[in-house]
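Written out below as structure tokens is the structure these notes cover.
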Amino acid sequence: MNSTLSPDPREIREIGRAALDLVATYYESLATCGVLEPTTSAKLRPLLDGPLPVTGEPFDTLLDTVRDVIARFSRHSAHPRFFGYVASPGVPVAALGSMIASALNTNVTGWRSAPAATEIEWLVIRWLKQMLGLTHAGSGLLVSGGSMANFAGIAAARSAALPNVLRDGLHGAPQLRLYASGQAHFSIRKAAAMLGLGAANLREVKTTAGLRMDVSDLARLVREDRAAGHLPFCVVASAGTAGSGAMDPLAEIADFAREHALWLHVDAAYGGFAALAPSARDYFARIGDADSIALDPHKWLYLPVGCGCVLYKDPATARAAFTSNAEYIRVIGLENDEAFAFWDYGPELSRPFRAFDLWLLLKSAGTAALSEAIEENIACARYCASLIEVSEDLELLAPVDLSIVCFRYRPADYTGDLDALNEKVLLALQHDGSSYVSNARVHGKFALRACVLNYRTTRRDMVILLEDVRRVAPKAQKIF
Ligand SMILES: Cc1ncc(COP(=O)(O)O)c(C=O)c1O
């Protein structure tokens with residue numbers, strides 16, 4: 001046996017301890033390091049570049065590279081003031097889980113290939129449904145992320161509208177139309193394009209002042225399309241938009257969808273787990289009406305990147321969209337479980353053991369701790385908004401439905417271009433490294449966007465963020 005490819009157990013323990021030590025030290029460093037250390041590709045590449053290795057080198061030296069280059073020049077999503085995107089901080093238990101899952105190297109294609117992993121995936125899917133308050137018999141599967149979950153949900157909607165689309169394609173079919181607000185995530189448009197519906201057949205519904213879908217505009221568009229001979233088939237509601245965290249009015253949209261026989265897909269990739277927070281739970285009262293739901297445990301359930309989920313109210317509809325044999329009637333978990341194959345319900349064949357991290361997290365932390373952390377994230381965002389509202393030099397640009405704060409720097413005596421000024425402030429903040437935000441456009445205005453999805457973030461961090469904006473702003477005007 002090749003000892004380089006298969007080190008003996010003693011060596012595995014030794015290098016494993018060194019790796020674990022690095023992981024623990026990394027987490028420890030988050031209390032004192034910045035969100036990122038600015039660099040350039042020209043500086044970074046030589047630190048990693050090299051010829052294709054012909055012989056191996058000791059693991060220790062690789063860990064040095066991890067510590068000194070890879071970790072150092074990563075943007076630290078786990079940092080309490082990384083507010084850049086709706087990104088998760090990861091959880092230590094999942095870092096260990098990845099190691100174990102990798103050792104098991106389970107390929108979760110179906111029950112026969114991965115009996116225990118399949119049972120665990122079914123179990124966590126049941127738990128996810130419970131977390132959202134879903135009581136129907138639906139099910140789903142884990143996918144790579146929210147984009148893939150949106151794709152899968154819309155694929156199921158397409159097959160429900162055109163039952164023979166897998167065989168016949170779209171040629172000669174009526175023009176299918178789907179609807180989402182202008183604030184919906186771009187993966188909806190991408191799914192429409194990839195599914196052959198055509199991005200132009202995604203109709204952009206207007207939003208209200210709070211950036212939530214305007215259902216009267218949805219009604220107008222559907223009427224218009226029907227009159228033109230098109231086939232409205234699906235409406236996508238956002239349970240937390242990526243831009244400002246706005247919650248589309250799910251109840252109104254669900255009523256409209258039912259009345260007009262439209263498939264309701266809810267993109268809850270960002271906001272879905274706010275259903276665990278008592279102060280946000282009411283938003284989700286009607287999410288059970290959705291025919292399909294996209295969720296991202298790798299956002300607000302704090303798991304590391306790589307774990308999305310699509311839920312189907314009627315799994316037979318997903319089977320119609322993905323199976324290569326036409327036996328549409330058997331549903332997940334009800335009959336002949338050992339013959340079950342995930343590839344009949346989603347786009348992938350080979351699949352990693354995504355459910356493992358989710359299972360470890362839920363079993364080790366429990367929903368009480370998660371609910372408390374999510375509620376605190378919402379409280380931090382609301383607290384930040386309240387500080388902005390009473391300040392003289394900052395302006396809140398959108399309501400805070402969940403945990404995203406869109407605001408801008410607006411000093412009282414400033415008469416110049418506020419968009420240009422805030423673009424500079426954004427760049428200066430990102431270079432400074434103490435707090436990291438991204439940008440959004442709100443009613444045409446350039447906004448600084450702070451997303452709070454980290455159980456390490458405290459109200460003090462929100463104060464520091466605003467202090468950082470004020471500290472870098474005067475410099476930003478001069479430097480950029
Ligand atoms: C509302 C929403 N939907 C979908 C996505 C896409 O998710 P992913 O990045 O996991 O593909 C995002 C990502 O930010 C999102 O915020």
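Coordinate-derived values only; no laboratory data. Computed from a prediction, not measured in an experiment: that's the story for all the values here. Reconstructed Cβ throughout: ideal geometry from the backbone, glycine too, with neighbour counts over all protein chains shown.
The ratio of the alpha-carbon radius of gyration of the chain to the globular-protein estimate 2.2 N^0.38 Å is 1.04. If you count Lys pairs in the chain whose Cα atoms are under 19 Å apart, skipping same-chain pairs closer than 8 places in sequence, the total is 8. When each of ASP417, ASP225 is scored by the number of other beta-carbon atoms lying within 10 Å, the sequence from fewest to most is ASP417, ASP225. Note on ILE100 and ARG258: the extension gain reaches 52.4 nm, defined as 0.36 nm multiplied by sequence separation minus the Cα-Cα distance.
Rg and Dmax of the range 422-466, based on Cα coordinates, read 11.3, 32 Å.
Across all Cα atoms of the range 65-132, the radius of gyration (one decimal) and Dmax (whole number) stand at 16.5, 44 Å. In plain terms, the residue of TRP343, TRP111 with the fewest other Cβ atoms within 10 Å comes first and the most crowded comes last, giving TRP343, TRP111. The range 99-157 has equivalent-ellipsoid semi-axes of 22, 16, 11 Å, by the square roots of 5 times the alpha carbon gyration tensor eigenvalues, sorted largest first. Per-residue ellipticity at 222 nm computed for the chain from its helices equals -13500 deg cm²/dmol, with DSSP H segments shorter than 4 residues left out and the rest contributing -39,500 (n - 2.57). Dipole orientation for the chain: of the candidates GLY145, ALA275, CYS234, CYS234 has the Cα lying most toward the positive pole (charges on Cβ; Lys, Arg +1; Asp, Glu -1). Counting other Cβ atoms within 10 Å as a rough exposure proxy, the listed residues MET99, MET131, MET213 run MET99, MET131, MET213 from fewest neighbours to most. The length gained by stretching the chain between LEU123 and ALA31 to full extension, at 0.36 nm per residue less their Cα-Cα distance, is 29.6 nm. For the range 349-429, pairs of C-alpha atoms spaced more than 14 angstrom apart make up 73 percent of the total. A Förster distance of 30 Å, applied to the separation of the beta-carbon atoms of ALA137 and ALA116, puts the FRET efficiency at 0.80. The order of the peptides 240-248, 357-365 by mean Cβ neighbours within 10 Å, most packed first, is 240-248, 357-365. Close amide H contacts of VAL143 (hydrogens built in the peptide plane, cut-off under 5 Å, sequence separation of 5 or more or a different chain): GLY308, CYS309, VAL310.
With all distinct Cα pairs included, what does the Kirkwood hydrodynamic radius of the range 100-361 come out to in Å, to one decimal, could you say? After inverting the pairwise mean of 1/r, the radius is 18.4 Å. Please give the FRET efficiency for ALA193 paired with ALA227, using the beta carbon to beta carbon distance and R0 = 25 Å, rounded to the nearest 0.05. For ALA193 and ALA227, the calculated efficiency is 0.50. Long hydrophobic helices in the chain, taken as whole DSSP H segments with a C-alpha length of 15 Å or more on their own axis and mean Kyte-Doolittle hydropathy at least 1.0: 92-104.
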